[in-house]
Amino acid sequence: MSDLDSEVLPLPPRYRFRDLLLGDQSFQSEDRLHVEDFSLDSSLSQVQVEFYVNENTFKERLKLFFIKNQRSSLRIRLFNFSLKLLTCLLYMVRVLLDDPALGIGCWGCQKQNFTFNESSPEINWAPILWVERKMTLWVIQVIVAVISFLETMLLIYLSYKGNIWEQIFQVSFVLEMINTLPFIITIFWAPLRNLFIPVFLNCWLAKHALENMINDFHRAILRTQSAMFNQVLILFCTLLCLVFTGTCGIQHLERAGGNLSLLTSFYFCIVTFSTVGYGDVTPKIWPSQLLVVIMICVALVVLPLQFEELVYLWMERQKSGGNYSRHRAQTEKHVILCVSSLKIDLLMDFLNEFYAHPRLQDYYVVILCPTEMDIQVRRVLQIPLWSQRVIYLQGSALKDQDLMRAKMDNGEACFILSSRNEVDRTAADHQTILRAWAVKDFAPNCPLYVQILKPENKFHVKFADHVVCEEECKYALLALNCVCPATSTLITLLVHTSRGQEGQESPEQWQRTYGRCSGNEVYHVRMGDSKFFREYQGKSFTYAAFHAHKKYGVCLIGLKREDNKSILLNPGPRHTLAASDTCFYINITKEENSAFTFKQEESRRRGLVGPGRRQSSTRLPVHSIIASVGTVAMDLQNTECQLAQDGGGSKLAPPTENGSGSRRPSIAPVLELADSSALLPCDLLSDQSEDEMTPSDDEGLSVMEYVKGYPPNSPYIGSSPTLCHLLPVKAPFCCLRLDKGCKHNSYEDAKAYGFKNKLIIVSAETAGNGLYNFIVPLRAYYRSRKELNPIVLLLDNKPDHHFLEAICYFPMVYYMEGSVDNLDSLLQCGIIYADNLVVVDKESTMSAEEDYMADAKTIVNVQTMFRLFPSLSITTELTHPSNMRFMQFRAKDSYSLALSKLEKRERENGSNLAFMFRLPFAAGRVFSISMLDTLLYQSFVKDYMISITRLLLGLDTTPGSGYLCAMKIAEDDLWIGTYGRLFQKLCSSSSEIPIGIYRTQSHVFTSEPQDLRSQSQVSVTMEDCEDTREVKGPWGVRVGTGGGSTHGQHVGSSDPAEHPLLRRKSLQWARRLSRKSPKHAGRAAERTSQQQLSLCRRSERQELSELVKNRMKHLGLPTTGYEDVANLTASDVMNRVNLGYLQDEMNDHQNTLSYVLINPPPDTRLEPSDIVYLIRCDPLAHVASSPESGRRNKLASCNPETREETQL
């Protein structure tokens, strides 16, 4: 018994027909054995309970085998289908062997000959009732009939449920009886063996068996049944059965008529059912004619129903999208895009960015969306460019059937995007999380690319390969826009795929330069395999960065060690390049698609120059960058510098001016390896230590209250720790309120606080956790304490304690309840003391009845603030990028109209950045988070893009990695001359890597008609008149273009048309001009109307000024800080120029614009007011010890001996 207990009982065998009939004898014997064992031991009072005893009956076992069991029932139906086809085949054999001319009669009777007489109206029924059936054929037909009869009766018995008449009067049962009972009767009555039996009707039973067999087949293999396939099959079988029935019926009835063959009858049926009706073959007797009428009526009733069902299923399939075939999934590569709702903008952004990469041209895109396809989306997907590569499936990612339809387990990647237009963004994130979980559960090996809206939900999808949090990136971008102008434009251009061909056909130079530089992207290459950087193996990072840019025009920004997964941006001169390093660089195209052409003749000519004449080698190369399809050709010059006599590194000789011997200040060479005395770059630690040790008199001891550390309270899980400036003790919540005093202080407005720096105001609807990422980059440890700007959060709703607990440790961070559309709220939060105002798109306005109207309120509010506070830098977030054309809208702005035409032309040319020439975007004044959707798409090809972007935005801090900052080119820095020499100066002195320029320039319309331009020139050339000469007094400066682009210089100019603002106090000069030029009376009248318009605008400004001052007096605020917008100073004008707004409101023919140049060529001339984007070394990476600290000009070479170690 112990042996029996130790044995493991085997699993029950599969059902076989013998087991169903006899039962499982082995298990029954074992059961009896167990019962005897239990009876031996009286102490075991156990009772054996048998379950499902009802299934042990003979009927249940048969039902299980014939009906319930999927595999066995499938075999039965397949056997039945084959049996019916066999009967139809035997009937055709009988027809071919039967010849009525040999005689007609019953079995064993005397045969009678039959001849058809067309003139006789009587019908001889003998050929219709009797046929000639061979003995062998009869035996086979009888056996088949008996088997079919027994099977039918058995199935009737098993499926009987109380109503026998329902079973008897089924069409299938009636046909079975008609085709089987006569054969069984002929066994007992021999004369009836030649009786005609319509066996050809078994084709309808075969059709019915085929339908059931397909259903069981799909159920057995656990696949979703294809209704479309079933319906097509049913329609085909119905047509086949109609044709076969008509063919056999007409052939048999015409035995008493024209005696048609089987082939002729088939020909007649095809001609009749196709409605052709040649008339060469016709039935001769009325029974066959009646059969044709019946068959046509049946076809007219049955076929339209079948076609209607087929069309309905086709339309439904068009909506759902069908399936992505398994064969295609195994032979072709595809990615899946999961979205809750698909808009045309989202689709086009994805397709344009995804297929912009050459190696993705053979990929298919399968869209899985639960909603029905939009009309616009349907039209786009019908375009031949996309119809063969994009497949739309209507389904849910939470259903395994839909994931199987999309072949998720064979996909190369799955992109899961959130619906940012939802009112409840948290609910949208929850849906995204469930989709990500469902995909990971179904296809764990499929790479996941997930987009999350709220940062607090990011940790739920940390298992994904790549995650982009929208609010994190958005607020970090907006924060950097306040300290590094147009960072949003810089990052957007970097993450978009472009060939740099935008704007190359434009007549304006800035558009060509801006469009060419926008083609720069981030690429990677292994250093040992690189032609760009291979020669710099063993050299310092800054040495390689400078010489690679000088020689090839590429900008080396970072690298990754082979043994470390972290990416380091500008690790500094201490880092020595190795062959196994992965280098990240900015260039028009990747190195693999570049061809190199060295100018050997020029190199040979330079080799003949003596050592004393080497100054020509210092000339920077003029790179000719030609963007072609897949290849970029670069004309390179030999830029090797002669070694100094003392054995030092390469050194650029200082250039001379106008051929004279006077020398400009020299630029130190970039050392191949940083020695021990020059390991440190010029970092901000020296600034900070100076701040700590020698605070300024006006700041007093308040600066000393800040400490460096990590924020103790993180608002959400998953936020990257960043070293920041913090308060030693957290501020009470009451002190965070800007407009209300408390027991700790009595300040009630921004003026009372006495801030030394300008404010940064953020207008948002709620204090979400993403707003935390706006504060952290502005309080990072590498920013000088003297440069910290106070931050004011203007919130529509009161923040909760959780958020206040997170920000109470940051210095100079305040909040206030109010709205951006309320002038009182703006004045109370100190907008007149602010330099930057950030308007965040409100969640409640993101969804509107008309999609593109979601930005209406934001645009109008910003337009109002722009007119009230013209010197304020306003950065606006929009939901739809196409609405940026309405920012600072001017109805009669001819230049904006020209830009609109340029945008349409670029879009027709297939550009992914058609909106880049809009002035608000180029200047970084407008931003849409949808522009960063391409960051997730690019990660499929460049898996490092998200990491590099987060490092640039300050969201992640890696030890030893640099950070993004900006530096303004002053008048004293213009001696450097070109961007290439600036690159050398920064690398040699402070180890900083420049990556681009933010350029602002005055611009005169070129899109105006020639006569209008001449009119404007005539009107301003009258400056020699007495009245116009008086206008120069308040300004004292003129802004000259100097050949097209002089930016903000306070120098005299002989062209008064270049004034940014030209105010006219009266119309006397216009009248005097009209008297002096009588023959130009029409032009004088035009100028007079223009001046009247200027006076109206002047009046409008005075009204706005009075409005603001009255509101400030009503609120009890001092008006001394508010500058009258009707009397702007020259600094205000230059501020507006630097902001890159549209043309000035007083001069329709003058325009100021700003734009970003990413990695410009080395020979690009520096202009005044240029702002250079820098990647500065990590100040904490290397710290030198020195008894004292010192600081020189940012562009001056640093003295490593004047440094002091700063301890954290």
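The table below lists the values:
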| item | result |
| --- | --- |
| Proximal lysines to Lys539, defined as alpha-carbon separation beneath 29 angstrom and excluding residues fewer than eight positions away on the same chain | Lys531, Lys550, Lys551, Lys560, Lys565, Lys590, Lys599, Lys651, Lys942, Lys985, Lys1194 |
| Heavy-atom accessible surface of segment 704-934: percent carbon and sulfur, 1.4 Å | 51 |
| In Å², nearest 10: area of Met967 left accessible to a 1.4 Å probe | 20 |
| Most to least packed among 336-348, 469-481 [average Cβ atoms within 10 Å] | 469-481, 336-348 |
| Dipole magnitude (debye, nearest 20) for segment 222-320, charges at Cβ of Lys, Arg, Asp, Glu | 160 |
| Arg574 accessible area, 1.4 Å probe, all protein chains in place, Å² to nearest 10 | 110 |
| Cα-centre dipole for segment 745-785 with unit charges at Cβ (Lys and Arg positive, Asp and Glu negative), debye to 20 | 360 |
| Segment Lys531-Met135, extension gain: residue separation times 0.36 nm, minus the distance between their alpha carbons | 133.6 nm |
| Two-decimal Rg to Rh for segment 222-320 - Kirkwood Rh, Cα set | 1.12 |
| Magnitude of the charge dipole, segment 704-934, Cβ model with Lys/Arg +1 and Asp/Glu -1, debye to 20 | 940 |
| Which of Lys565, Lys68, Lys560 is most accessible, then next, and so on - probe 1.4 Å | Lys565, Lys68, Lys560 |
| Accessible area per residue, Å², segment 848-982 with all protein chains present, probe 1.4 Å | 34 |
| Directionally averaged projected area (convex hull, Cα atoms, segment 321-464), nm² | 8.4 |
| Sorted largest first, extent of segment 704-934 alpha carbons per principal axis (Å) | 59, 37, 36 |
| Accessible surface ranking that places the most exposed of Glu906, Glu805, Glu308 first, with a 1.4 angstrom probe | Glu308, Glu805, Glu906 |
| Among Tyr312, Gly279, Leu233 - extreme Cα towards positive end, dipole of segment 222-320, charges at beta-carbon | Leu233 |
| Phe546 accessible area, assembled protein chains, probe 1.4 Å, Å² | 10 |
| Where segment 447-523 is the region considered: accessible area per residue in Å², 1.4 Å probe | 24 |
| Order of exposure, largest accessible area first, which applies to Lys730, Lys550, Lys458, Lys743 with probe 1.4 Å | Lys743, Lys730, Lys458, Lys550 |
| Hits among lysines - C-alpha to C-alpha of Lys740 under 27 Å, sequence gap 8 or more where chains match | Lys730, Lys751, Lys756, Lys758, Lys786, Lys798, Lys842, Lys1109, Lys1113 |
| Accessible-area composition of segment 222-320, carbon plus sulfur, in percent [1.4 Å probe] | 71 |
| Sulfur and carbon atoms: percent of accessible area, segment 321-464 [1.4 Å] | 49 |
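The values are calculated or read from the model by the stated rules, or taken from the named source; none is laboratory data. From a predicted model like this one, the values you see are computed outputs, not experimental measurements. Heads up, the Cβs are rebuilt from the backbone with ideal geometry, glycines too, and the neighbour counts pull from every protein chain shown. Keep in mind that these areas ignore ligands, DNA and RNA; they rest on the heavy atoms of the full protein, side chains included. Shrake-Rupley method; radii C 1.70, N 1.55, O 1.52, S 1.80 Å.
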